[in-house]
1. Report, please, the projected area of segment B:128-169 averaged over directions, based on the convex hull of its C-alpha atoms, in nm².
2. Rank-order A:7-15, A:82-90 by packing density, defined as the average count of other C-beta atoms within 10 Å over each peptide's residues, highest first.
3. Per residue, how much space in cubic angstrom lies within the convex hull of the C-alpha atoms of the protein assembly as shown?
4. If you take the Cα atoms of segment A:132-181, find Rg, then find the Kirkwood Rh from the mean of 1/r over all pairs, what is Rg/Rh?
5. If one takes the longest principal axis of the Cα atoms in chain B, at what angle in degrees, from 0 to 90 and to the nearest 10, does the Cα axis of helix B:130-140 lie?
6. Straight-line reach from residue B:166: which lysines have Cα under 23 Å away, leaving out those fewer than 8 places along the same chain?
7. For a 30 Å ceiling on Cα separation, which of these pairs sit above it: A:170/A:413; A:123/A:454; A:77/A:461; A:9/A:407?
8. If you wrap a convex hull around the C-alpha atoms of segment A:234-316 and split its volume per residue, what is the figure in Å³?
Amino acid sequence: MNAMSFGIKRGVRFNILSDSDLERIHWGTLHVLEKVGVQVDSPSCRKLLKDNGCEVDEKTRIAKIPSHLVEEALVKKKKTITLAGRNAKYDAKLDLNHSYMTANGNGAVTVDFESGKRRPSMKKDVANSSRIIDSLQNVHIHWPMVSSTDQHPSVVHLHDFDASLNNTEKHVMYETGVTLSDAKTLTEMGYAAAGGEKEYRRRPLSSCLQCTYAPLQHDAGVMDASLYFADAGVPLVFFGMPQPGATGPATLVGSLVVGNAEVLSALTMTQLHAPGSAVIYGMGNAPLDMRTTIRAGGSPEHAISSAIATELAHYYGMPSCVGVSATAKEPGDQAVMEYYTGCVGPLLAGADLMCGVGLLEDSSCLFYEQIVIDDEIVGAIARLIRGQWADDETMALDVIEKVGPGKNFLAQKHTLNNMRTEFFMPNLVDRRSFDAWSQAGSKSMRDRAREKVKDILANYKVPPLEKDVQKKVDAIIEKAKKPMWGGESKTH
Amino acid sequence: MEDAVTRLRNAVMNYEMETIADLAKQSLKEGVDPLVAIEKGLAEGIKTVGEKFGRGEIYLPELVMGAEAMKAALAVLEPAVPKGKHRSSAGKVIIGTVQDDIHEIGKNLVATMLSSNGFEVVDLGVNVQAADFLKKSDEVKPHMVAMSALMTTTMPRMAEVITPLKKKNKAVKVLVGGAPVTDTYAKEIGADGYSGDASGAVDVAKKLVR
């Protein structure tokens, strides 16, 4: 095993759904698409579906999609997807054998690292969190974690992308390509950062996650943008977000059927429009908490839903992208419990992309400290899912014979050769004795996380985009600025 | 045998969405004053349901079903209210999700919670254009306009409503909410209140509309 390869190599896989369960879910979904249909708000997407034999009602905007179109889309889609980094050592190959952790994305609030005050997020938060993500070993794909709300409202998301590109060399996935014009500008920025369209198409250093709308709806802007991205070589994730009991049936499997119908119909539209385009299977089937009305992002139901969604994605031969978050309001016990629960379930079931670390209040509030705590959680889980096997090296019969009864293995070469890869060496978990811990100031995990963040922000450097590339990026952002309500250029 | 008003109150408390309309018709046949049936029957019933939800004794679907039952009975009773008379309510509210945003559930929850707390709610649905918010508010003359946006990209749409709305009618209060919306942002665009969740929205609404 090559311990230096990028991503988390998996050697363990839990099986939750049987093959016949998966087949039932698939056939049930095809039934929904044929009989119930999906609401498609984009006129051009409705035309595309109608031209290809779907029954489309222009009044209700509902399209009924025959099974063969879905089955054909599953055959046509791109087979192997690599999410490239600005630096090639961070290329994430979605080979269905590796898991990749992403940052969480697009919160609007940050708890200021210096003052501890809650405030609207700013571009500097996007830059700082990007740098933290770049430095972490167990987070492989970046997302702009919060929005640059201090920038002009029409180009907030472009500043998010700009700050991300300049502060991490890892792949950047965004979720803000929700209109055709957004898609065009974000693509143009990606091409500029990659050194041109040709280079970008070979190694796409960005991708777009698109949410479908539960139950069974496709937003016009999102789908028009998606078809553009598919043409332009920008990999897509279609992410279903039914909430069991609210926007999906209360049963997790029933809700998965709703989300699956959304994802498969979006896949069908992209493959009809741009055959062979790259689509990742996304699902965030987290229930609504029935007492507080908050989405339960760190619940065991979300974890198991993400696990079975991953099994369904693999049944389709697609990499999965599933979610985790926490409803905790501050870093610490509850956040750790929610993130651990939310990550371990899907990763044990083989999740390919797990999004993402570092946001609280169900993906809306950024605490810098939580990013590095979550990195530690993923590190522990990576060890848990690596797998165990029996060969000459792991059996170590020769060493057992050499040491014999009553001695120890500390001074053996076999120990030296294996200890750095066999044992997960924690960074924030404190395993010292009580005396040693109290003499060093009785620091909590959160205190230690704070120190780690401070160190990263002070010392960790990421090479920015080259000057001429930056000039192009700046020009694209400037050109995209338009008058908008609620911003500096009110027209009335 | 319970009287008609008690039966209506219990039907809301027992979430009898399918049968409550018949009970309402029956009460009118028996000569019950529709205003009494609404205020002492339905409103009292939904108030109890709302309180139980607030204490965590019942779950969201039960609250929603209670509100649905109330709606079904109102559809029968309201047309029978004599012209010129109005049911007393905590206030009149127009609610909707802003243009280009079709997220529904948060807005629906707030609407449900408001009506379970005695507000009269006019729900405009999702993807509501600024012009429609303005037109409806001219027509209905609400105490409060409530708007929801779930995406950072649609948040600015709320400002698009507030400025002209306040220009026309200074007294009308504006409540905003939705995942990306913050207290600071709400103030910046001239909203009177903000809430991060549905229960909180009721408290803010009660403070704004007195």
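Every read-out reported here was derived from the displayed coordinates using simple, explicitly stated rules and does not represent laboratory data. Being a predicted model, the structure only gives us computed values, none of them experimental. When we count neighbours, we look across all protein chains shown, and the Cβ atoms used for this are built from the backbone with ideal geometry, even at glycine.
1. Projected over every direction and averaged, the Cα hull of segment B:128-169 covers 2.8 nm².
2. Going by the mean number of other Cβ atoms within 10 Å, highest first, we get A:82-90, A:7-15.
3. Convex hull of Cα atoms, per residue: 200 Å³.
4. With Rh from the inverse mean 1/r over Cα pairs, Rg/Rh is 1.00.
5. For B:130-140 against chain B, the angle is about 40 degrees.
6. Partners within reach: A:490, B:92, B:107, B:135, B:136, B:141, B:187, B:206, B:207.
7. Exceeds cut-off: A:170/A:413; A:77/A:461; A:9/A:407.
8. Output value, Cα hull per residue: 90 Å³.
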